[in-house]
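The values are calculated or read from the model by the stated rules, or taken from the named source; none is laboratory data. As the structure is a prediction and not an experimental result, all values here were calculated from the model. Glycine gets a Cβ as well: all are built from the backbone with ideal geometry, and neighbour counts include every protein chain shown. Accessible surface areas use protein heavy atoms only, side chains included; no ligands, DNA or RNA. Shrake-Rupley method; radii C 1.70, N 1.55, O 1.52, S 1.80 Å.
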Amino acid sequence: MLTIALPKGRLGDKVYSLLDQAGLGIPEMEDYGRKLVIENEEAGIRYLLVKPSDVAVYVEKGGADLGVCGKDILEESGADVFEMVDLGFGKCSMCVAAPQTYVEDYDRKVRVATKFEHIARSYYASIGRDADFIHLNGSIELAPVVGLSDVIVDIVETGTTLRENHLKVITKFMNISARLIVNKASYRFNDGRIDQIVRAIKETIA
Ligand code: PRP
């Protein structure tokens, strides 16, 4: 049986609907309550319902053979997995944003609040800008509003959260969408079933 890690929440709904269309669906998904493991015996697939930010870890460490997660999660985790398919949904951008009135002072370090510390560090290193990082777990937009940071590095989807908190995009530096990822050892040693699943998903999104 193959194990697939699926993200709970926003992205999850789109993933379940894709799997359904690809003939790999989860029967009566809504009836499973708080269950975290769901089997589709007919398809020979076991689904794990995990926090989106944990999908890449499950796949890298072999807790799951395949998984679906955003490119943001994949980059942030640095997970050593195969990235097989860009699913084309869950689109957003990784951005630097700041209060509407913000003016950058290049004579001092910029204070950056983010939950994507690895991505933020890489970005600032790539542009050669000194920065201090403040790691937060959510509601990142609040940090510059209360003076905790100068800017944020966060994902922007509709832009509503930025607008409603009087922030603006300074730079957009990464395009994000959902990716199908595969454990490297599983891919080498499975009997072609992973390729079948990848093909079914590719055909469905095409
Ligand atoms: C994400 C992200 C932004 C928001 C962007 O937060 O961190 O806050 O969505 O979406 P928008 O551009 O459509 O407004 P999430 O909803 O994951 O919650 P969080 O603040 O707890 O991280």
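Values as computed for the structure displayed
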| item | result |
| --- | --- |
| Full-stretch length increase - Lys184, Thr158 - with 0.36 nm per residue and alpha-carbon distance subtracted | 5.9 nm |
| Trypsin sites (Lys or Arg not before Pro) restricted to DSSP loop in segment 128-206 with at most 15 other C-beta within 10 Å | Arg129 |
| Accessible area in square angstrom per residue, the chain, 1.4 angstrom probe | 53 |
| Electrostatic dipole magnitude of segment 71-173 [Cβ: Lys, Arg +1; Asp, Glu -1; Cα centre; debye, to 20] | 240 |
| Potential extension, Thr101-Lys8 segment - 0.36 nm per residue separation minus Cα distance | 29.8 nm |
| Furthest towards positive pole of dipole, Pro7, Leu48, His118, structure part the chain, Cβ charges | His118 |
| Three-way shape label, segment 1-74, alpha-carbon gyration tensor, a/c 1.5 | prolate |
| Asp191-Glu203 pseudo-label distance in nm [points 7 Å out on the Cα-to-Cβ vector] | 2.0 |
| Beta bridges by DSSP in segment 35-159, antiparallel share as percent, to the nearest 5 | 55 |
| Sparse-neighbour loop sites [GluC sites (Glu not before Pro); segment 16-100; at most 14 other C-beta within 10 Å; DSSP] | Glu28, Glu41, Glu42 |
| Contour minus Cα-Cα distance for Leu148 and Ser17 (0.36 nm per residue) | 43.2 nm |
| Rh (Kirkwood; distinct C-alpha pairs) - segment 77-206, Å | 16.8 |
| Local net charge near Ser186, Cβ-Cβ under 12 Å (Lys/Arg +1, Asp/Glu -1) | 0 |
| Span from the segment 1-69 Cα centroid across to the segment 162-206 one, whole angstrom | 14 |
| Spatial separation of Cα centroids for segment 75-90 and segment 123-143, in angstrom | 22 |
| Kirkwood Rh and Cα Rg combined as Rg over Rh, evaluated for segment 89-162 | 0.95 |
